[in-house]
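Peer 1: Structure below; questions to follow.
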Amino acid sequence: MALVVMKFGGSSVADADKMKLVASRTIAKKNAGNKVVVVVSAPGDTTDELLEMADKITSNPPAREMDVLLATGEMISISLLAMAIDSMGEKAVSLTGPQAGILADINYTRARVKKVNPKKINSLLSKNNIVIVAGFQALNPKGDVTTLGRGGSDLTAVVLAAGLEADSCEIYSDVEGVYTTDPRLVKDAKKLEYISYDEMLEMAGSGAQVLQSRSVEVAKKFGVEIHARSTFSENQGTIITSEERIRRKKMEELLVSGITFDKNQVKFTIIDLPDIPGVAAKIFSSLAKIGINVDMIIQSAAVNKKNDISFTVSRKETKKTQIELDKIASEFKASQVVCDEHVAKISVVGIGMKSNAGVAGKMFEILHKKGINIEMISTSEIKISCIVDEMDMVKAVEELHKGFGLSKKK
């Protein structure tokens with residue numbers, strides 16, 4: 001008898017009919033001879049609605065109380081799904097993250113899982129129950145409920161699969177798997193049969209919204225294979241697994257596996273900074289202290305003992321970043337801080353880059369031929385990212401997707 005962890009996202013449990021469909025799929029998995037643990041997100045847009053409600057009350061809510069608030073969304077889903085399964089004649093028990101033995105560190109709103117105690121889940125499984133666990137939440141050392149960051153239900157599913165030594169971890173959403181790019185933007189995007197953990201991490205970090213990146217990190221660490229598939233289809237999805245397993249499958253190694261984009265980027269430039277040691281350290285340590293993650297960074301060559309530094313941050317951090325940079329610019333007597341909100345990040349990702357030269361040149365040539373200007377560049381072993389004008393984003397994705405041979409064969 002296999003142990004299967006099934007995770008369903010918010011769009012899969014958005015209303016009563018969808019909840020009943022999830023219940024049916026869960027029961028079918030059990031009737032196929034499996035022990036089943038189900039992880040669910042909050043229904044539909046519940047989390048966003050709770051955030052909006054909190055924002056109408058205060059712009060600076062206590063982190064502890066925000067976690068208490070947001071944890072209620074998943075509790076709606078687990079109770080309703082347990083009722084749906086019960087109404088279909090099967091036994092089900094719902095558990096919050098703390099009840100399920102998911103233990104996290106002291107941080108609120110973006111806690112990190114430290115341990116899973118599977119005793120209660122195993123006991124309930126032994127009594128022939130389908131166990132339903134609230135995603136996105138855990139118990140911290142103070143005995144408080146805490147949450148795992150946006151998309152944290154993916155992480156819940158993976159840590160449970162690791163802690164329970166599950167035979168499979170299936171993550172369901174409203175798409176059939178991982179595609180070569182967003183099929184809503186490029187109609188001939190292909191679904192990938194397999195993708196490596198590292199490629200998935202790079203794609204998640206570059207704008208693809210299929211899986212939470214932290215869940216992929218944990219899956220790689222503990223060797224949990226993830227099957228990303230659709231709630232509304234019986235088709236096979238995409239297996240996220242090790243590079244070694246992909247090679248054992250003797251798959252054709254693509255030079256590039258996917259093209260991603262992120263339009264939630266803002267570019268800041270501090271002009272005429274003094275060319276002296278410690279300036280960059282001051283800028284980025286100050287931003288880190290207020291919780292701002294910097295993505296791409298570029299520094300110009302010094303002219304007359306002055307230079308410019310440009311970098312990108314998430315659009316939601318624009319105001320906080322501007323306030324901090326104005327202070328730094330004044331301290332170093334920089335001439336000005338420029339904020340460009342009309343940019344997008346385009347990335348090409350693929351493990352084939354490790355053993356093939358010329359990917360960057362080909363990418364730049366494709367963009368050049370379409371008159372698309374590159375403002376910033378960053379690279380890793382399996383990814384190349386460029387900042388372009390947001391007006392060029394769609395054209396850039398379409399041309400790169402076609403240029404690297406990722407379109408469906410006709």
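Peer 1: Could you work out the helix-only [θ] at 222 nm for the chain, with each DSSP H run of four or more residues adding -39,500 (n - 2.57) and the total divided by the number of residues, to the nearest 500 deg cm²/dmol?
Peer 2: Helix-only estimate at 222 nm: -11000 deg cm²/dmol.
Peer 1: Please give me the summed charge of the neighbours of residue 399: other residues whose Cβ is under 9 Å from its Cβ, Lys and Arg +1, Asp and Glu -1.
Peer 2: Local net charge: +3.
Peer 1: In the calculated pair distance distribution of the stretch 15-145, what percentage of Cα-Cα distances lie above 26 Å?
Peer 2: 27 percent
Peer 1: Under the 0.36 nm per residue contour assumption, what length would be gained going from the current alpha-carbon distance of residue 209 and residue 32 to full extension?
Peer 2: Here the segment from residue 209 to residue 32 would lengthen by 60.6 nm.
Peer 1: At a 1.4 Å probe radius, carbon and sulfur cover how many percent of the accessible area of the chain?
Peer 2: For the chain, the apolar C and S fraction of the accessible surface comes to 50 percent.
Peer 1: Another question about this same structure. Using the Cα centre of the chain as origin and beta-carbon charges of +1 (Lys, Arg) and -1 (Asp, Glu), tell me which of 97, 168, 153 is placed farthest towards the positive end of the dipole.
Peer 2: 168
Peer 1: Right, next: Where in the stretch 161-243 are there GluC sites (Glu not before Pro) that are in a DSSP coil and have at most 16 other Cβ atoms within 10 angstrom of their Cβ?
Peer 2: Values: sites: 165, 170, 176, 193, 199, 202, 217, 225, 234, 243; in loops: 165, 176, 193, 225, 234.
Qualifying residues, ordered by number: 165, 193, 234.
Peer 1: Then there's this: Among bridges DSSP assigns within the chain, what percent are antiparallel (round to 5)?
Peer 2: That works out to approximately 60 percent antiparallel.
Peer 1: Now for a different question. Give me the accessible area per residue for the stretch 15-172, probe 1.4 Å, as a whole number in Å².
Peer 2: Dividing the accessible area of the stretch 15-172 by its residue count gives 45 Å².
Peer 1: At q = 0.10, 0.12 Å⁻¹, what base-10 log of I(q)/I(0) does the Debye formula yield for the chain when every alpha carbon is treated as an equal point scatterer in vacuo?
Peer 2: Debye output, listed in q order: -0.76, -1.04.
Peer 1: Would you mind working out the accessible area per residue for the stretch 273-410, using a 1.4 Å probe, and quoting it in Å²?
Peer 2: Value for the stretch 273-410: 54 Å² per residue.
Peer 1: Give me the net charge of residue 35's neighbourhood, meaning all other residues with Cβ under 10 Å from the Cβ of residue 35; Lys, Arg count +1, Asp, Glu -1. Intermediate results must be reported in sequence, preceding the final value.
Peer 2: Numbers: positive: 29, 30; negative: 167.
Around residue 35, the surrounding residues sum to +1.
Peer 1: Another question, then. Can you pull the accessible area of residue 342 for me, 1.4 Å probe, Å² to the nearest 10?
Peer 2: About 110 Å², rounded to the nearest 10.
The values are calculated or read from the model by the stated rules, or taken from the named source; none is laboratory data. Treat the numbers as computed from the prediction; the structure is a model and nothing was measured. As a convention, Cβ positions derive from the backbone with ideal geometry for all residues, glycine included, and neighbour counts pool all protein chains shown. We work out accessible area using only protein heavy atoms, side chains counted, and drop any ligands, DNA or RNA first. Shrake-Rupley method; radii C 1.70, N 1.55, O 1.52, S 1.80 Å.
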